[in-house]
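The values are calculated or read from the model by the stated rules, or taken from the named source; none is laboratory data. Keep in mind that this is a model prediction, so the values were computed, not measured. Positions of Cβ are backbone-derived with ideal geometry, glycine not excepted, and every protein chain shown enters the neighbour counts.
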Amino acid sequence: MPLPTGDTIGILADNLRMRNSVLPISAKSATSWARGLHLPRGAKTVLYTGMMYQLIPYIAAMSKAQAGIEDSFLANFVKLGRQVNKVINISAFMAMPPKSMRETYNRLLVNIALLLQRAGVQFGYLYEDELYSGALVYDLGADDVLKAHARKVYGTFQKYGVKNVITVDPHTTNMLRSVYPTLLDGYDLNVKSYLEVLVERNIEPKNRLDREVVIHDSCVYARYENVLNEQRTLLKNAGVTVKEPAYSGKFTLCCGGPAESLYPKKARARAEARVKQLKEVARNCVTMCPICYVNLQKAAGGEIELADISSYLVQAYC
């Protein structure tokens, strides 16, 4: 039988309400990427990860576990699992990614910080006080839990006197720029993706890459936040030939996420369909969303080489 939708969403919502994240991880794990960068604690302008890149390895591990349960008799025990999870964080036992995967996603955050520094941007970081944005719970429709959590997130920004927020991924950008203003009275933050900030700063490349890539647009960037030209500008300025697949820009095809939280097998099929389109255009593919990156990478099976856009940009601009 399929995973019970209500209880699956309920576990994630319970975690957000009780533990401030859909998949609670330690502050040490969440902030380890910033070690050695000497970022100031808080500032008028902060880099806000929303914990998206840090959580992806854990979400991937959880999805793998869910795929093993889906369509088996074990799906009957999800309801019981939700009750146990209210007392003991069982998601911590189900989501145990390898160290190498955690290091890979941490490196992408380092790339982004280095790019902003190279562009002359002065910014801080909230370290262990940074909270998850609530993006997955929003996508799954748990609005009551999200509103209370959004107040906590905004309260933390106010505590540090933050006015400008630089985001690192499309889902977090969308949450802070478009969703939170509909939930919170008096919300007053200037929110921009790091891609937008780099273009505004007219960052100049130091190296020419001379490569050809097919670009996979994030649905959220393309359809909700109108972040379409920035990634192309940065790549082209770096000497990258950008190839467009079938369904690109505002008509980009979904990577399958975040449906993987409820329907892992259907999400995998969607990702495989997208990989087929991408490999018809070029062998190398660039993404700009950690969810797209992990879903397409799992489905690609080595047929195409996927890289987060920050991996290309840091080679060219830093």
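Would you pick out the residues in the stretch 158-179 that are out of contact with any Gly (no Cβ under 9 Å at 6 or more places or on another chain) and outside any loop (DSSP other than H, G, I, E, B)?
Within the stretch 158-179, the first condition is being out of contact with any Gly (no Cβ under 9 Å at 6 or more places or on another chain), and the residues that meet it are 158, 163-166, 170, 174, 177-178.
Within the stretch 158-179, Q158, N164, V165, I166, P170, N174, R177, S178 meet the criteria.
Would you tally the residues in the stretch 215-230 being surrounded by fewer than 20 Cβ atoms within 10 Å (Cβ to Cβ), aliphatic (A, V, I, L, M) and part of a helix (DSSP H, G or I)?
Number satisfying all stated conditions: 1.
Looking at the stretch 130-147, which of its residues are farther than 25 Å from C254 by Cβ and at pLDDT below 90?
Step one: of the stretch 130-147, the residues farther than 25 Å from C254 by Cβ are 130-131, 144, 147.
Once the filter is applied, which keeps residues that are farther than 25 Å from C254 by Cβ and at pLDDT below 90, the stretch 130-147 yields only D144.
Going through T233, T252, T287 one at a time, which residue ends up being under 21 Å from T173 (Cβ atoms), buried (at least 17 other Cβ atoms within 10 Å of the Cβ) and without any contact (Cβ under 8 Å) to a residue 40 or more places away in the chain?
Details: T233 fails: buried (at least 17 other Cβ atoms within 10 Å of the Cβ); T287 fails: without any contact (Cβ under 8 Å) to a residue 40 or more places away in the chain.
Testing whether each residue is under 21 Å from T173 (Cβ atoms), buried (at least 17 other Cβ atoms within 10 Å of the Cβ) and without any contact (Cβ under 8 Å) to a residue 40 or more places away in the chain leaves just T252.
Quick one: how many residues across the stretch 108-144 are more than 20 Å from the chain's Cα centre (by Cα) and assigned to a helix (DSSP H, G or I)?
Summing the residues that are more than 20 Å from the chain's Cα centre (by Cα) and assigned to a helix (DSSP H, G or I) in the stretch 108-144 gives 3.
Return yes or no: is Y132 among the aromatic types (F, W, Y) and either surrounded by fewer than 22 Cβ atoms within 10 Å (Cβ to Cβ) or free of Cβ contacts under 8 Å to residues at least 12 places away in the same chain (or both)?
no
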